[in-house]
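Here, each number is a calculation from the coordinates, and none is a lab measurement. Owing to the predicted nature of the structure, the values given are computational and were not obtained by experimental measurement.
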């Protein structure tokens, strides 16, 4: 895929999503940035903000297979991955084991309210998200590409929920926060969704186009100063870093654990993807700054002092961007 073709594809996809999604331009942009970079997204927001509609519309606009998994406390790993059953041939009487694929065998997966299921079931997604395969009784089954997992969390209800393990949080490239729409956007939502006509999504690309675009994102150059800026941001988020890392005082005071190397990879890849979506062939330090919040907010673990002082991860990332020069 050429650069101009990728630009045209991204433009058509934005336009098609705009037919079903009113407003939330920043959220759509961040999700597309992670999608074209080959990452997964953790989406946090209150009910009713079109999270399901957004990811379903994305699958329809690219002609991809879409599956929705509703996470509940009694959900088992086999309910996600699939299970083996014994079948008997009616003619020969011979019995054999057959694998029945679960809902993870799709291109776009909506993991709805992922924090409502125990860590054992949450972990069933780890191998699929990282290695594009699942293992059942020692047998590996490859997953189709592209694979895009978008998991949602409800920030309101905390009873009956299980916080995601840090290892799984780190698998999500972006943590995107979706907020209430503006007054004008909400007026448009009410007009669009209370009539008899529903927008029909027209596929503008195929799975092969998305895979080609993901390879193109990785081919976009990032100068050494861009990579160095991503490295300094990540290392400055670790309270145990040495003096050369330039760890700011807020990090030493309020952070228990900082971001790992995967955060640096996400910063660079996110910057490349953002540059491509913006029509530029080279990533810049400004692209690193633009994706720093969704990349770092779920990878910074705060201590008790931060909770007592009312400090959240977003404020720490803002302090980092102020303290670490581009």
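Please report the antiparallel percentage of DSSP beta bridges with both residues in the chain, rounded to the nearest 5.
Antiparallel bridges make up about 40 percent of those DSSP assigns within the chain.
What is the Cα centroid distance between region 3-80 and region 85-141, reported in whole angstrom?
Each part's Cα centre sits 23 Å from the other's.
Decide, for region 189-238, between rounded, prolate and oblate: order the square roots of the alpha carbon gyration tensor eigenvalues as a ≥ b ≥ c, take rounded if a/c falls under 1.5, and otherwise choose prolate if a/b is larger than b/c, else oblate.
Oblate shape, in that a/c is at least 1.5 and b/c is the bigger or equal ratio.
Looking only at 153, 197, 60, which one moves most when the chain is put into a Gaussian network model with springs between Cα atoms under 10 Å?
Evaluated over the chain, the most mobile residue of the options is 197.
Can you bin region 93-234 into rounded, prolate or oblate? Criterion: square roots of the alpha carbon gyration tensor eigenvalues sorted a ≥ b ≥ c, rounded for a/c under 1.5, prolate for a/b above b/c, oblate for the rest.
rounded
For helix 51-61, report the angle its Cα long axis makes with the longest principal axis of the Cα atoms of the chain; keep it between 0 and 90° and round to the nearest 10°.
70 degrees
Among 263, 306, 128, which one shows the highest mean-square fluctuation when the chain is modelled as a Gaussian network with alpha-carbon springs under 10 Å?
Comparing 263, 306, 128 in the GNM, the peak value goes to 306.
Can you tell me the 0 to 90 degree angle between the C-alpha axis of helix 313-323 and the longest principal axis of the chain, rounded to 10?
Around 40 degrees separate the two axes.
Highest GNM mean-square fluctuation, the chain, Cα pairs closer than 10 Å: which of 186, 198, 96?
Its mean-square fluctuation being the largest, the pick is 96.
Can you give the angle from 0 to 90° between the axis of helix 207-219 and the longest principal axis of the chain, with both taken from C-alpha atoms, to the nearest 10?
Value to nearest ten degrees: 30.
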